[in-house]
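Report on the following structure.
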Amino acid sequence: MRDLSVGDIACRKRVVDVSAMSLFGALVGDQNPIHHNEGAARAAGFKGPIAYGMVAGSLFSEILGNELPGPGAVYASQSFKFLSPIYVGDEIELRVEVVEVRKDQRVIKVRTTCHASDGSVCVDGEAVLIRRPLGDG
């Protein structure tokens, strides 16, 4: 387990594509047409189909489990504020920043933000993770 410090950051860019939306919708059972139908999305006041908010929320897991804090990290809590829509086809940047580290390095608080291609924040949140040691097998 590497030591973490307040201010450590990890980022990933992802495109929210139709395939991801279809898989996520099938997984959670949400078939709201604003996520996959142009006409329904426009009728609801959007410029096109919007991503499920939790698609962006779930993508933080890649960073948290693989890099910051990394293998052995277990979610204790996560909060989100969905500030603006993410449209199907948009490229987003997911950013995790360490905001607090308990002295024993086991409990980490991070800020989780998702940025649109123009740099604006679409999703803002905070997570608390517990770092568990991994065995060799």
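Read the figures in this text as sums done on the coordinates, not as results from a lab. Everything quoted here is computed from the prediction, not taken from an experiment. Please note: Cβ atoms are built from the backbone with ideal geometry, for glycine as well, and neighbour counts cover all protein chains shown.
See the values below:
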| item | result |
| --- | --- |
| Magnitude of the charge dipole, the range 9-131, Cβ model with Lys/Arg +1 and Asp/Glu -1, debye to 20 | 360 |
| Degrees, to the nearest 10: 53-66 long Cα axis against longest axis of the chain | 30 |
| Length added when fully stretched, Glu67-His36, from 0.36 nm per residue minus Cα-Cα | 8.0 nm |
| Mean projection area, nm², convex hull over Cα of the chain | 9.1 |
| Approximate spin-label separation Ser19-Arg132, in nm, with each point projected 7 Å along Cα-to-Cβ | 3.1 |
| Extension reserve of the Phe46-Tyr75 stretch, reckoned as 0.36 nm per residue once the Cα distance is removed | 7.2 nm |
| Rounded to 5, percent antiparallel among DSSP beta bridges of the chain | 100 |
| Residues Cys122, Cys114, Cys11 arranged by fewest to most Cβ contacts within 10 Å | Cys11, Cys122, Cys114 |
| Reduced Cα scattering model of the range 67-137, Debye log10 I(q)/I(0), q = 0.19, 0.26 Å⁻¹ | -0.78, -1.11 |
| Positive-end extreme of charge dipole, the chain - chosen from Pro33, Val101, Leu64 (charges on Cβ) | Val101 |
| Between helix 18-28 and the chain: long-axis angle, C-alpha atoms, 0 to 90°, nearest 10 | 70 |
